[in-house]
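In what follows, a structure is listed as structure tokens, so that the remarks can point back to it.
The values are calculated or read from the model by the stated rules, or taken from the named source; none is laboratory data. Treat the numbers as computed from the prediction; the structure is a model and nothing was measured. Every residue, glycine among them, receives a Cβ derived from its backbone with ideal geometry; neighbour counts consider all protein chains shown. Heavy atoms of the whole protein, side chains included, go into the accessibility calculation; ligands, DNA and RNA do not. Shrake-Rupley method; radii C 1.70, N 1.55, O 1.52, S 1.80 Å.
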Amino acid sequence: MSKPTYGSDNSMQTITINTLKKMKQAGEKFVVLTVYDASFAAVLENAGVEVLFTGDSLGMVVQGHETTVPVTIDHMVYHTSLVARVRNNALLMSDMPFMSFSDPGRALDNASRLMQEGGAQIVKLEGGGDTIRVVENLAKHGVPVCGHLGLQPQSVHKLGGYRVQGREKEAAQTMLNDAKAMQDAGADLLLLECVPASLAKTITETLSIPTIGIGAGRDCDSQVLVLYDLLGISMGHRPKFSKDFIADLTGEISIEAAVRAYVQAVKQKQFPADQHTFE
Ligand code: KIV
């Protein structure tokens, strides 16, 4: 198996947005995993995870809330900075929490905090439609952005639950249009959550920027999971798209071995399998 992100001494090369774009062009998958502290960040990077993602899922898996809505920009800056302290060569992406990007000016202020105080190298924000002008303003000011379409957990109270998005023809077309508009506005990456695999494939093939899938089938340019789901320690309901990689280990049982198994499975296109995918 080729290891495109490793140098001759087997250490990971510095990952930039351009590295990820080149990997897409070459048809090579990259790997994203959530992380909220320094110790796990070191393990993930050793295991070959190219993008360390401090997601607002920390509200659920670290803080014990029922949703990501209570997470604040201060929480995000703090947890991002813990990861940044030990990061070497992986790219560090951080989430903009609920209401932190409600208008372009506010988004710019909060993205600046994530980058200057937190050490983030790219910010992610949920939503299509009006959010596109926010993306445009961030990009214009030199802030790298990852869009997030499909299921948007920050809108769970509006949606009335966590459901697959884009199953109807009109909703699928709107998502495709939003994806193109996001790219035109200057987004560098696009995350697709809980989207039928065929729609995620169309979006991935249409865009030149890389897509990151979670519950979006195996044709996205990369995959992301919530670390605690991968380790089988999440409380409550485990989503269909997640996989407990600890439970499946044979041989060495360790957190790093589980993360390595995830990295290999994504790169070899074995994860997600059919049972993790929506039609
Ligand atoms: O915050 C998060 O963990 C996310 C997931 C989609 C990976 O945004």
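Classify segment 13-147 as rounded, prolate or oblate, taking a ≥ b ≥ c as the square roots of the eigenvalues of its Cα gyration tensor: rounded when a/c is under 1.5, otherwise prolate if a/b is larger than b/c and oblate if not. Numbers along the way, then the final one.
Details: a/c = 1.70, a/b = 1.14, b/c = 1.49.
Because a/c hits 1.5 or more and a/b fails to exceed b/c, segment 13-147 counts as oblate.
May I ask you to list the lysines whose Cα is less than 21 Å away from that of Lys269, ignoring any residue fewer than eight positions away on the same chain?
In chain and number order, the partners are Lys3, Lys21, Lys22, Lys24, Lys29, Lys201, Lys240, Lys243.
Sort out for me the Cα centre separation of segment 32-68 from segment 208-245, rounded to whole Å.
Answer, in whole Å: 12.
Starting from the Cα gyration tensor of the chain, take the square roots of the eigenvalues, sort them a ≥ b ≥ c, and report rounded, prolate or oblate (rounded when a/c is under 1.5, otherwise prolate if a/b is larger than b/c, else oblate).
Rounded shape, in that the Cα axes give a/c under 1.5.
Within the chain, which whole H helices from DSSP have a Cα span along their axis of at least 20 Å and a mean Kyte-Doolittle hydropathy of 0.0 or more, if any? Before the final figure, lay out the partial values.
On the way: long enough: 73-86 (21 Å, 0.53); 169-185 (24 Å, -0.76).
Answer set is 73-86.
Run the reach check for Lys169 against aspartates and glutamates, Cα to Cα strictly under 19 Å, same-chain hits fewer than 8 apart removed. What comes back?
Once the sequence-local aspartates and glutamates are set aside, what remains near Lys169 is Asp178, Glu193, Glu205, Glu279.
With the other protein chains left in place, how much accessible area per residue, in square angstrom, belongs to segment 131-279 at a 1.4 angstrom probe? Walk me through the numbers on the way to the answer.
Details: 6660 Å² over 149 residues.
Per residue, segment 131-279 has an accessible area of 45 Å².
At a 10 angstrom cut-off on C-beta neighbours, averaged per residue, how do the peptides 156-165, 49-58, 129-138 rank from highest to lowest?
Working: 156-165: 12.9, 49-58: 27.5, 129-138: 19.4.
The densest-packed peptide leads the list: 49-58, 129-138, 156-165.
How far is it, in nm, from the label point at Arg163 to the one at Gln25 when both lie 7 Å from their Cα along the line to the Cβ?
The modelled label-to-label distance comes out at 4.1 nm.
In terms of modelled amide H atoms, which long-range or inter-chain residues lie less than 5 Å from the amide H of Leu151?
Here Gln165, Glu193, Cys194 satisfy the definition.
How would segment 63-117 be classified by its alpha-carbon gyration tensor: rounded, prolate or oblate, with rounded meaning a/c under 1.5 and the a/b versus b/c comparison settling the rest? Working shown, then result.
Values: a/c = 2.38, a/b = 1.22, b/c = 1.94.
It comes out oblate by the Cα gyration axes.
Excluding residues on the same chain fewer than 8 positions from Lys140, give the lysines whose Cα lies under 18 Å from its Cα.
Lys140 reaches Lys124, Lys180.
Can you work out the PRE-style zone for Ser39? Point 7 Å along Cα to Cβ, and I want the residues of segment 62-97 with backbone N under 20 Å.
62-64, 78-88
Relative contact order (percent) for segment 17-276, with alpha-carbon contacts under 8 angstrom and 6 or more residues of separation? Present the calculation step by step, with values, prior to reporting the outcome.
Details: 520 pairs, mean separation 47.2, N = 260.
Here the relative contact order equals 18 percent.
Tally up the carbon and sulfur contribution to the accessible surface of segment 17-276 as a whole percent, 1.4 Å probe, everything protein left in place.
Values: 5140 of 10650 Å².
Solvent-exposed carbon and sulfur of segment 17-276 make up 48 percent of the total.
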